[in-house]
Amino acid sequence: MPNWQPNWNNVRWNHFVAEQAIRALEDAANLVDDSLSERRRVAYVATAIWRGRHRQTFDGHFKEIELRSCSLATQLRQKADEIRRQDVAAYEEQRRRERERQRWFAEKHEEDRRGAMG
């Protein structure tokens with residue numbers, strides 16, 4: 001028997017649920033972007049001839065909304081990318097474990113063969 005042991009446990013990760021989460025996060029980011037684009041369009045029309053103190057206040061608030069929206073969309077995409085990286089890592093780790101198990105069985109088989117020969 002080989003003098004080492006592979007990890008016999010499978011990686012616990014649900015690739016289907018990870019993909020659903022990635023899609024949901026990307027869809028949410030796209031919705032934020034689309035919503036901001038629509039808000040910009042409406043604000044442009046609404047403020048075309050608007051002047052004065054209230055317009056300046058509006059512009060300040062709108063700039064904050066733009067910054068928050070862009071930040072939120074970025075965060076959502078970053079989280080989707082993080083889950084995507086974890087999904088790939090889980091897949092690669094499972095493959096690594098399977099290769100180690102195959103190696104262990106091959107070594108055991110070779111040891112058994114040598115033992116039977118002599």
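Here are some notes:
- Test: residue in segment 77-99 that is assigned to a helix (DSSP H, G or I) and closer than 18 Å to residue 35 by Cα: yes
- Candidate set from segment 25-46 (those that are out of contact with any Ser or Thr (no Cβ under 7 Å at 6 or more places or on another chain), of a type in the set (A, V, I, L, M) and without any contact (Cβ under 8 Å) to a residue 40 or more places away in the chain); member that is surrounded by the most Cβ atoms within 10 Å (Cβ to Cβ): 43
- Qualifying residue in segment 33-48 (condition: within 17 Å of residue 79 (Cβ to Cβ) and in contact with a Leu (Cβ under 6 Å, 6 or more places away or on another chain)): no
- Some residue of segment 85-93 being small (Gly, Ala, Ser), touching a residue at least 60 places away in the same chain (Cβ under 8 Å), more than 30 Å from residue 111 (Cβ to Cβ) and out of contact with any strand residue (DSSP E or B) (no Cβ under 9 Å at 6 or more places or on another chain): yes
- Enumeration of residues in segment 21-55 that are among the hydroxyl-bearing types (Ser, Thr, Tyr) and in a loop (DSSP other than H, G, I, E, B): 47
- Test for residue 101: is it in contact (Cβ under 8 Å) with a residue 24 or more places away in the chain and within 31 Å of the chain's Cα centre (by Cα): yes
- Boolean, residue 85 is of a type in the set (Lys, Arg), modelled with pLDDT under 95 and out of contact with any Pro (no Cβ under 8 Å at 6 or more places or on another chain): no
- Any chance residue 76 is modelled with pLDDT of 95 or more, surrounded by 13 or more Cβ atoms within 10 Å (Cβ to Cβ) and out of contact with any Cys (no Cβ under 7 Å at 6 or more places or on another chain): yes
- Search result, residues across segment 9-20 that are in contact with a helix residue (DSSP H, G or I) (Cβ under 7 Å, 6 or more places away or on another chain) and either more than 26 Å from residue 83 (Cα to Cα) or in a loop (DSSP other than H, G, I, E, B) (or both): 10, 11, 13
- The single residue among 22, 49, 65 that is of a type in the set (A, V, I, L, M) and in contact (Cβ under 8 Å) with a residue 40 or more places away in the chain turns out to be 22.
- Scanning segment 42-87 for residues that are closer than 26 Å to residue 27 by Cα and among the aromatic types (Phe, Trp, Tyr) turns up 44, 62.
The values are calculated or read from the model by the stated rules, or taken from the named source; none is laboratory data. Values in this document were obtained by computation on a predicted structure and should not be read as measured data. Ideal geometry is used to build each Cβ from the backbone, glycine not excepted, and the neighbour counts take in all protein chains shown.
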